[in-house]
1. List the pairs from 64/228; 143/164; 38/111; 77/143; 82/155 whose alpha-carbon separation is above 20 Å, in the order I gave them.
2. Tell me, what HN-Hα J-couplings in whole Hz come from the Karplus equation 6.51 cos²θ - 1.76 cosθ + 1.60 at θ = phi - 60° for each residue of region 160-170, using x for Gly and Pro?
3. So how do 175, 89 line up by other beta-carbon neighbours within 10 Å, fewest first?
4. With θ set to phi - 60° and the Karplus curve 6.51 cos²θ - 1.76 cosθ + 1.60, what are the ³J(HN,Hα) couplings of region 229-236 in order, to the nearest whole Hz, using x for Gly and Pro?
5. I need 153, 76 ordered by Cβ neighbour count within 10 Å, fewest first.
Amino acid sequence: MRWIGIWVAALTIASGLGGGCLADFRLDISESQRDQLKALASNTRDRTGREREALRRARMELLKAYSTYDIDEGKVKTACDKIAAAQLSLLNIHLDNEIALRDILTADQFKAFREMMRRHMRDPQMLVLAPPEEAVLDRLPDKQMLDSLGIPVGKRKRLDATFKNTKAIEGLRASTKQLLDMYSNYDLDSAAARKLIDRIHRTQSYLLMLQRFRQREIRRALTEDQFKKLQEEIAKRLSEHSPRPYDRRNRNFERKP
């Protein structure tokens, strides 16, 4: 989640651990507050790093489960459950951190911290998180891949209908923006935030369900040979988007040499 990354970067600078272009915007805080912010930034990096890696692994498990013509529904359910758990955990980690931040900073300090975050963001659109469902694993197969398979018109229409999740995606974006707007206020209603998190997570789970339905329709529309060809194209595309594994020792994401 890009917002968390920005949040940690600003928090690190605020605690005096980082410099860079925002060195002049460090907060006027006590040594005790500085230590608490350092601990919070470190804890945030570790927790989000672990959940991101868990989410990546679960998505790869799901991809593997969907790579065979005959779907193993048990493996699909297990992978989907892991994805849902990681998604919810990331949302709750963010809320935990927002609550902790208000326990450390005064209202004026919090306002300065938010200004620091605003200056750190190059693109205002980053206020709205890109839903995980727009990740490369969830956008495949795409139109180009399906066009190359020569699917009969009737089957293709039914298959194309399963990709119409725009309303759910837009709802997820709107709810996410609403949550981030709540986090911009010092007087945070944590109960209301938890209700919104529940709504966001229900939408995420709904999108996972749509994906399962789409995979079933793909197999109804394709012969086994067509499906194998499709998997080759997906594997090729994925090789162009190799993920960066989380290195717990460096608390960072690094590309493999």
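Please treat every number below as a calculation from the coordinates, not as lab data. Owing to the predicted nature of the structure, the values given are computational and were not obtained by experimental measurement. Glycine gets a Cβ as well: all are built from the backbone with ideal geometry, and neighbour counts include every protein chain shown.
1. Check vs 20 Å cut-off fails for 77/143; 82/155.
2. Each residue of region 160-170 in turn: 4, 5, 6, 8, 8, 10, 4, 4, 5, 4, 5 Hz.
3. Ranked by crowding around the Cβ, least crowded first: 89, 175.
4. 5, 4, 5, 5, 5, 5, 4, 5
5. 153, 76
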